[in-house]
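Down below is the structure, laid out as structure tokens.
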């Protein structure tokens, strides 16, 4: 669950990204697992869902670092955090997402997917068709 106000917007990295609404200070906790809101389930359940839902879950879930064989699906914008080799968030302890530096409001929040995944990081094709709409004349 995101612990800061944030919003989704088109990302220069891929599709949609998560952007902070307010300034974030280095060391601030930006994300944490929330048992009530985030969903955890056995990875084996992926075989029992419709193909379109399996595609969704494979894209937006990540391995539960505390329970091997389980996946976590975030309840909020956090599922849209994009990968960066030079992230501004650190998830390496598997429990908290902390700011690695001061992050100005309006900045896309990113982390290194290797914090949760082992082996090769495989990027999936864009899922959302995102484009900017022209501004309306006033």
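Scanning the range 1-22 for residues that are surrounded by 14 or more Cβ atoms within 10 Å (Cβ to Cβ) and either modelled with pLDDT of 95 or more or part of a strand (DSSP E or B) (or both) yields 2, 3, 4, 6, 8, 9, 10, 16, 17, 18, 19, 20. When residue 36 is tested against (1) in contact with a strand residue (DSSP E or B) (Cβ under 6 Å, 6 or more places away or on another chain); (2) assigned to a loop (DSSP other than H, G, I, E, B), only condition (1) is not met. Within the range 86-105, the set of residues being modelled with pLDDT under 90 and either in contact with a helix residue (DSSP H, G or I) (Cβ under 9 Å, 6 or more places away or on another chain) or farther than 28 Å from residue 22 by Cβ (or both) comprises 91, 92, 93, 94.
A residue that is without any contact (Cβ under 8 Å) to a residue 24 or more places away in the chain and at negative phi occurs somewhere in the range 29-40. Scanning the range 30-45 for residues that are surrounded by 14 or more Cβ atoms within 10 Å (Cβ to Cβ) and farther than 22 Å from residue 19 by Cα turns up 40, 41, 43. Looking only at residues in the range 46-74 that are touching a strand residue (DSSP E or B) at 6+ places or on another chain (Cβ under 7 Å) and touching a residue at least 40 places away in the same chain (Cβ under 8 Å), which one is surrounded by the most Cβ atoms within 10 Å (Cβ to Cβ)? Checking each candidate, the answer is 62. The number of residues in the range 63-79 being under 10 Å from the mean Cα position of the chain (by Cα) and outside any loop (DSSP other than H, G, I, E, B) comes to 4.
The values are calculated or read from the model by the stated rules, or taken from the named source; none is laboratory data. The model shown is predicted, which means the values in this text are computed figures rather than measured ones. Please note: Cβ atoms are built from the backbone with ideal geometry, for glycine as well, and neighbour counts cover all protein chains shown.
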